[in-house]
Amino acid sequence: MNTCVVGGGIIGALTAHALARKGFEVRVLDAERPGAATPASAGILFSIFDQTGEGAWASLARYGHAAYPELCSGIESETGFERRGLLIVGMESGRAAEWASAQGLGCETLSPSECRRRFPQLAVPERDVALLPEVAQIDPCRFIGTFRSRLRDEGVRWEVAQASRVLQDGNQVQGVSSGDQEWQAERVVIAAGAWSAELQEDAGLEPPVRPRRGQIVAWRSVEAGNLPIVLEGHRYLVARENGEVLAGATDEDVGFDAGVTGQAREELTGFARRWCPDLLAVEPDVQRAGLRPAGDASGPRIGAHDRIRGLFFNTGHYRYGIVCAPGAASQLVQSCLL
């Protein structure tokens, strides 16, 4: 069962892993494009976007929250897997506790004084806040690097190549091509993030995904101690054990422009300093941008093409690709086995 996965981000990597474990012969084509979403992701392993606990997004996120400990077992230090917990400062603590319960997670309510005692790096909140201590995180770049080695051990071939066209014979997929280079395959999985649109349009599928730029800023070599993930609306702070602290993220409709802006740097730096005024007094060391694949608001596109046999999609995960990747990969494999 020769299968070609187009896309080498976290969606493509975990899709290849899931397929290989089911006995598929897998090749990954990774374009390594500037502006790819995975390197600019914070790696929060929780459904911070969904406060109702329902719908496709929340279901995939719950799957991912449960799956990552096993995926990272024995390679925690290589993947940046940590349970730092999630401190919700932008929601009334009682409502946050209800949300956590709907996700099957424990929640502690911290008074301003208790929050200051537990996390002295943080500014004192004005009211009680909720801490979800089980929430974990990864470093997406380190995770992908480590996982590529695991995929090679599983027999997955990984190539740097930019596929631009789906090869078809009538309504049967034959593979993909780029210029005069072709890769023959019985099955093709489009998992190219924002660039999935090119192949979707070629296959006559509408509407395609579209890019949404997300910018983050980062400080390096920071002594963050036990700083948890700090969440306020769609703004967050993430501290990593290697001394990096991230602040994100913007959400911009600018097409395939993967550049960074002074406005985003100012806004994100201001947010970070409001919660860690002493810790992050200096200017950020790094600013990054990633192009997220936005699709249907009801959830990502996962599964088979309705007319072309052998063509599958795993894309449209928007800003939630990291946490949704294991569940999306599992769902994709089930559609390939039908």
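Values in this text are rule-based calculations from the coordinates and carry no lab data. These numbers come from a predicted model, not from an experiment. Cβ: placed from backbone, ideal geometry, glycine included. Neighbour counts: every protein chain shown.
Numbers for the structure displayed
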item	result
Label point distance in nm, Arg127-Gln162, each placed 7 Å from Cα along Cα→Cβ	5.0 nm
Modelled FRET efficiency - R0 41 Å, Asp285 with Ser101, Cβ distances, 0.05 increments	0.60
Spin-label zone in the stretch 239-258 - amide nitrogen under 12 Å from a point set 7 Å from the Cα of Asn226 along the C-beta vector	none
Cα-based helix-to-principal-axis angle, 262-275 vs the chain, degrees rounded to 10	50 degrees
Degrees between helix 10-21 axis and first principal axis of the chain (Cα, 0 to 90, nearest 10)	60 degrees
Residues Glu32 and Val254, FRET efficiency given R0 of 30 Å [Cβ-Cβ distance, rounded to 0.05]	0.90
The stretch 123-179: C-alpha gyration tensor shape, a/c 1.5 cut-off, then a/b vs b/c	prolate
Residue order, fewest to most surrounding Cβ atoms within 10 angstrom, among Val188, Val222, Val28	Val222, Val28, Val188
Farthest positive-ward along the chain dipole, Cα basis, beta-carbon charges - from Gln137, Gly270, Gly321	Gln137
Angle in degrees between helix 93-102 and the longest Cα principal axis of the chain, rounded to the nearest 10	30 degrees
Amide H within-cut-off set for Cys276, under 5 Å, with H built and near neighbours excluded	Ala123
Förster-model FRET efficiency, 51 Å R0, Thr261 and Gln334, C-beta, rounded to 0.05	0.80
For the stretch 183-244 versus the stretch 277-338, the gap between their alpha-carbon centres in whole angstrom	7 Å
